[in-house]
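The values are calculated or read from the model by the stated rules, or taken from the named source; none is laboratory data. Since we're looking at a predicted model, the values are computed, not measured. Counting neighbours? That spans all protein chains shown, and the Cβs are built from the backbone with ideal geometry, glycine included. Heads up: the accessible areas ignore ligands, DNA and RNA and are worked out on the full protein's heavy atoms, side chains in. Shrake-Rupley method; radii C 1.70, N 1.55, O 1.52, S 1.80 Å.
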Amino acid sequence: MRTSPSLIVLSALALVASAFLAGPASAATSVTLTVAKSGAEYTSVQAAVNAVPDNSSTPYTILIGPGTYEEAVTVPATKLHLTLLGATRNPANVVINSANYNGEANPAGGTYGTEGSATVHVKASNFAADYITFSNTFDKNDFPTVTGTQAVAIAMEGDRQVYEHDIFYGHQDTLLSWDSSATTSLRQYVYDSTIEGDVDFIFGNGSLVVDRSHIIALNDGIYTKSYLTAPATYGTDQYGILITGSTVTSTLAPNDVYLGRAWVPYTGAVPQLVFRNTNLPAQMNATDPYLGISGATFTAGRYGEYDNTGFGADPSNTSRPQLTDAQAASYTAQAYLAGPDGWDPVAPATGSTVAAQALRQSSAIGDTRDVTRPTVPATCQTVTSALPSPANETFSDALESAAPDTARIQAALTACAGTGQAVVLATSGADTGFLSAPLTIGNDEYLVIGAGVTLYASRQASDYQIAGDATCGSIGTSSNGCNAFITVTGIDSGIEGEGPPGPGRDHQGTIDGRGDLPILGTDTTWWQVAATATAEGLKQVNPRLIQATDANNLTIYDLTLTNSPKEHLYFKNGGGFVVWGLHINTLDTALNTDGIDFDSSAYGTIHDSVMQDGDDCVAMQTNNATDAHITVSDNQCYGTHGISIGSETTYGLEDILVEHNFIDGKDAAGTESTIAAGIRIKSYEGAGGEVTGVKYVDTTMRNLLYPILINPFYDPPTGTSAPYFASIEIDGATETNSVAGAQSQLEGFNATYPLGLILRDVHFDTTATVSQYANITEVGSNLKISGPGVTVTGR
């Protein structure tokens, strides 16, 4: 007898329900209703909601099958302890949508109004929604004469509501958190979700926390500017809207994204808003990202920021109040949501909070040192510029052939070694440039590139030549032949920029490797040497921009690096490495120009940096010692090959934490990376070793070909040591706008050395994978995984 499609759907939904709801008491105390386009108990979400008994103490779950449900849904206040659950564990597959808007006539004879336009209106307390898309697709361009264009995707009007792994999509007023009166305190928690909109798209007067989520300020032609929030908090409430541990992205023009607009729709509203530990984009308004609606303003003490990162974070801007450490302790997700009953739905801490640092220290994953923002040391000597910075990066032939600033900079560095102080390169009137041959930094000293200063690297290949090695600037079978532009040989040293980071960080001191210009005496650029070597299967002999070998406790802080001939920053055989506030700005077509390479070293932190280059954003590898205890956090990567481990893994890598990073496959010019990867682990036989204790947390990605690229066959074999990717965990990852043909690669070497992988809350818009020899635990992931030697558990 043939099984009917209806029975197949019901069976599938039942299996999903049992997987989600399994627990010691769930079978006896919960009830599941099913919704699907066919074959389930109900064909609409509203019908299933209506079937839930009023004021029941029994938890109900409505399990919703894949499809788009064109309906407006209301969950009355009487439907307590209700969960809406997407059956596919992929919110993009389960969509509740309408196109209602404020000024639209409603069936009662009036208009919907803002609140009434909501696709889903949740008035019940103790409500939850997982793996659902809440969408309002009203487009004001289709109604050019309409003035009431607010169109809400979801109205949250109950207490103790939790939304996890969801998508909220709209244009104006996407997500509404609303208290009915000043005497009620309604709390909502949004975790690991995506919120998209144009204007005031996170708004209202409830106590709302958006935690570790992706906030997208749309560039859809409907609006030219974006306002992320519009709080209307009652003055009697301490807490309004908190955005924490999240990532904001946009492709709008610079200065066209605002953090929020104060909204005072009634007497007694005193808007309250905090952004903290959140990665902010370059499009953030640099002058004042806080505005008001109809003349409203934010009140001192009711808005602030704390420890935000990215181009859009600007702690030096006096129009953007910064919380102190003591103040920030009172503005956490737990504080916003605790209320009188101590409610705490908050997921375990990650990010750069005190709790997160304690978690890292207790688990021994990542850099377990107590790493804080560096400071610029006292000045030992100041060297002033005698050259203007040329518009085309090129000096006269006489200057280019004998870099004039080498001797005086090196003399200052030699004199200041051991002082713990800095040699500062400073401007002098209109003179802002320095032209130098390679430099060496010794023990206990710093080179500080002053604000507005550019230090230009020599284009004379002979300046870099290592005696007895391959000719610098050539191609061949060996890449050895060039000294780096700056070599760090001592301990407790650093290279820093002067001044705090701000939007674009264009005021930071800059080191320009000029890899885009011809090597002196030739018509070939350093980058063309690299391209020719790659095309011919040979190696380039180019200089790195900065190299530190056997140099413990190196600090790189608030510095811009650009146009390196090869890797920008290479750290090997050391311990105690801190990179904070680094900006790398190089075309993604410049081959082998890795942002940061961390090689055979231990205890490193790479934090709050923005990197665009032609190879890996960050690469962790081992050539003669184990890499261990590394934290890569709160960074942005554009047009790179991803945040990578490998390709050399011979001596093993362990205890690595990669958290809260944003990876975009396109550079600032919109050029797609040659290998548009996100989370990347690579090696090959002969350079293989064990990779274990690696955790990627809260990774936001877009425009990629390979969101996850785990490849033990990166190069042809050179020996017998096998890559063994033993213990990798990816906890919270999203990918949007994937390029055509995108897929993830999840491969172990063979049955003896399989990939050990945990995927938790991984949601990509492209679910295809190529997989082999892998033991995968999958919890809340939407990837389609199968292949020879592959086992998948936990679904």
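The table for this structure:
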read-out: Scope region 525-539; condition of a type outside the set (Asp, Glu), loosely packed, with under 14 Cβ neighbours inside 10 Å and either touching a His at 6+ places or on another chain (Cβ under 7 Å) or not in a helix (DSSP H, G or I) (or both); matching residues; value: GLY537
read-out: Residue list for region 735-762, restricted to those being open to solvent by less than 20 Å² (accessible area, probe 1.4 Å) and either part of a strand (DSSP E or B) or polar (S, T, N, Q) (or both); value: GLU735, SER744, LEU746, LEU755, GLY756, LEU757, LEU759, ASP761, VAL762
read-out: Candidate set from region 130-143 (those that are out of contact with any Phe, Trp or Tyr (no Cβ under 6 Å at 6 or more places or on another chain) and of a type in the set (S, T, N, Q)); member that is most open to solvent (accessible area, probe 1.4 Å); value: ASN141
read-out: Residue in region 663-675 that is out of contact with any Cys (no Cβ under 7 Å at 6 or more places or on another chain), open to solvent by less than 40 Å² (accessible area, probe 1.4 Å) and among the β-branched types (Val, Ile, Thr) present; value: no
read-out: Of the criteria (1) within 22 Å of THR406 (Cβ to Cβ); (2) assigned to a loop (DSSP other than H, G, I, E, B); (3) open to solvent by 20 Å² or more (accessible area, probe 1.4 Å); (4) out of contact with any helix residue (DSSP H, G or I) (no Cβ under 7 Å at 6 or more places or on another chain), which one THR487 fails; value: (2)
read-out: Some residue of region 298-316 being within 18 Å of VAL199 (Cα to Cα) and either free of Cβ contacts under 8 Å to residues at least 60 places away in the same chain or touching a His at 6+ places or on another chain (Cβ under 6 Å) (or both); value: yes
read-out: Positions within region 766-784 being in contact (Cβ under 8 Å) with a residue 24 or more places away in the chain, buried (at least 17 other Cβ atoms within 10 Å of the Cβ) and within 25 Å of the chain's Cα centre (by Cα), in sequence order; value: THR766, THR767, THR769, ILE776, GLY780, SER781, ASN782, LEU783
read-out: Among residues of region 144-159, those that are under 32 Å from the mean Cα position of the chain (by Cα), open to solvent by less than 20 Å² (accessible area, probe 1.4 Å) and more than 23 Å from HIS81 (Cβ to Cβ), counted; value: 4
read-out: Which numbered condition ASP594 misses (of (1) in a strand (DSSP E or B); (2) under 20 Å from the mean Cα position of the chain (by Cα)); value: (1)
read-out: Wholly enclosed strands (runs of 3 or more DSSP E) of region 32-129 bearing at least 1 residues open to solvent by 30 Å² or more (accessible area, probe 1.4 Å) and within 25 Å of ASP142 (Cα to Cα); value: 67-70
read-out: Residue match in region 700-714 (condition: farther than 24 Å from LEU591 by Cβ, open to solvent by 50 Å² or more (accessible area, probe 1.4 Å) and within 24 Å of the chain's Cα centre (by Cα)); value: no
read-out: Filter pass, THR631 being farther than 24 Å from LEU280 by Cα, open to solvent by less than 10 Å² (accessible area, probe 1.4 Å) and of a type in the set (S, T, N, Q); value: no
read-out: Residues satisfying the stated conditions in region 637-659, i.e. hydroxyl-bearing (Ser, Thr, Tyr), closer than 22 Å to ILE365 by Cβ and either open to solvent by less than 10 Å² (accessible area, probe 1.4 Å) or touching a Cys at 6+ places or on another chain (Cβ under 8 Å) (or both); value: SER644, THR649
read-out: Matching residues in region 451-465 - criterion: being farther than 20 Å from PRO390 by Cβ and open to solvent by 50 Å² or more (accessible area, probe 1.4 Å); value: SER462, GLN465
read-out: Those strands (runs of 3 or more DSSP E) lying entirely in region 199-262 with at least 3 residues closer than 30 Å to PRO144 by Cβ; value: 199-204, 214-217, 226-231, 247-250, 257-262
read-out: In region 253-309, the residues that are aliphatic (A, V, I, L, M) and under 22 Å from GLY113 (Cα atoms); value: ALA262, VAL264, ALA269, ILE293, ALA296
read-out: Residues satisfying the stated conditions in region 690-699, i.e. open to solvent by 10 Å² or more (accessible area, probe 1.4 Å) and in contact with a Phe, Trp or Tyr (Cβ under 7 Å, 6 or more places away or on another chain); value: GLU690
